[in-house]
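The values are calculated or read from the model by the stated rules, or taken from the named source; none is laboratory data. Note that the structure is predicted; figures quoted are calculated from it, not measured. Please note: Cβ atoms are built from the backbone with ideal geometry, for glycine as well, and neighbour counts cover all protein chains shown. Surface accessibility is based on the protein's heavy atoms, side chains included, excluding ligands, DNA and RNA. Shrake-Rupley method; radii C 1.70, N 1.55, O 1.52, S 1.80 Å.
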Amino acid sequence: MSSSVTPATLDYLAQRLDELAAQFPTSPDAVDLVTLTDDIGTLGHHLQHAIERAQERFTAQERFTAPETVYPPERVALVRLARAAAGIARVLDTLAEALTYATTGFQREAVEDLAHSPLRNDPEVLRIMTAEKYVAARARLRHTAAALRTASTPAGSSTPRTTGLQTQPTAAPQPRQPNRH
């Protein structure tokens, strides 16, 4: 049975994460509480989906109880998926902090050391802090997506070798022909 966690699965998840990161606001004026909660929900959905893919792989096959029957490409894919899930969870944590800053009910948490400061209740300061969290979340999400893509492209050391070193010569580069106008 083939793995449900394929390079195409990892690429798809990476693409969705990049698309979401591209939509994150980078300026305080673009911060919107409703959109922030939607972003948290969307990211939570991606995290749940990634975890479900890994779980279905582990529970669907008894051969995972015998490590010698689990092939290296499957192991690599599952490890990458688990790392992506951890990265998504870190982004969710960052967005939860942004939500804390963006909501007026938790202004004390946003600037706890400024009990008597006029900045404590300044909505613009909270929007700036929220935007900074969004920027951090965007960077983390893009890093997670890049790691998924790196994992989905075959690396020379991760593919099992069935023979010794290959001695076939590589094709010589063809000489460039001048452009003729």
Estimated inter-spin distance, Ala89 and Ser27, nm [label 7 Å along Cα→Cβ]: 3.6 nm
Using a Förster distance of 35 Å, the FRET efficiency for Tyr71-Tyr12 (Cβ separation, nearest 0.05): 0.95
Added length on full extension, which subtracts the Cα-Cα distance from 0.36 nm per residue, Val135 to Thr35: 34.5 nm
Rounded accessible area of Glu52 (nearest 10 Å², 1.4 Å probe): 80 Å²
Separation in nanometres of the label points that stand 7 Å from Cα toward Cβ, at Ala82 and His45: 2.8 nm
